[in-house]
Amino acid sequence: TVASVVAGKQEPERVFDREIHVDEFEWAPDSNRIVFEHWPRPEPDYWLQSDISEVELESRNVRRLAAYQLSQRSPRYSPDGRWVAFVRSSDPQNWAGEGRLVMLELASGESKTMPVTQDEFGRGSNLLGFSGDSKQLLFSETRGTRNVLMVMTLEGKQDVLRHPAAGTLSSYGR
């Protein structure tokens, strides 16, 4: 079950009722939709079957955005509402958590798999979201013994934004 607090109401409101486990979710920039990662069950082995769906809040219509043989996780809307970025697992899937960043254009449904990152988007990597102008993806990944803040353009060019000389970013880059 996904619930939301609708503007002007204090009590949570059920958005839809399905027998799934919702892991990560994010509100659309227009506040009319929620994108979410879901598993068939809440047990650890089921993350390998995670998919991404979106619910339109007024109608309560749910549509699958990414449902493949591989797992999909960490959905993030672009600030302009044009894209949803997410992480698709490696093929074959494994517990190391390796994956690739994928961009999904909401209007057309077309997806674009982004270039491999240095650590192949492994366990230390986290998709943080988009830049304010929706033209770059922000993520953290492990470099040596440190987590660094990275940026990737929509064309796939990658660059380091912050590489701490001492200390580190948390594993979630926050």
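Values for this structure:
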read-out	value
Hits in region 132-145 (condition: surrounded by fewer than 15 Cβ atoms within 10 Å (Cβ to Cβ) and either closer than 17 Å to residue 78 by Cα or in contact with a Ser or Thr (Cβ under 7 Å, 6 or more places away or on another chain) (or both))	132, 133, 135
Residue list for region 61-80, restricted to those being open to solvent by 20 Å² or more (accessible area, probe 1.4 Å), assigned to a loop (DSSP other than H, G, I, E, B) and at pLDDT 90 or above	61, 79, 80
Members of region 32-60 that are open to solvent by less than 80 Å² (accessible area, probe 1.4 Å), more than 17 Å from the chain's Cα centre (by Cα) and free of Cβ contacts under 8 Å to residues at least 24 places away in the same chain	40, 43, 59
Close pairs (8 angstrom Cβ cut-off, 6 or more residues apart or separate chains): closer than 30 Å to residue 62 by Cα in region 106-124, open to solvent by 50 Å² or more (accessible area, probe 1.4 Å) and outside any loop (DSSP other than H, G, I, E, B) anywhere	113/100; 114/100; 115/158; 121/100
Residue in region 111-118 that is over 26 Å from residue 45 (Cα atoms) and among the basic types (Lys, Arg) present	yes
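The values are calculated or read from the model by the stated rules, or taken from the named source; none is laboratory data. No experiment lies behind these values; they were computed from the predicted model shown. All Cβ positions, glycine included, derive from the backbone under ideal geometry; neighbour counts span all protein chains shown. Quick note on the areas: whole protein, heavy atoms, side chains included, nothing else; ligands and nucleic acids left out. Shrake-Rupley method; radii C 1.70, N 1.55, O 1.52, S 1.80 Å.
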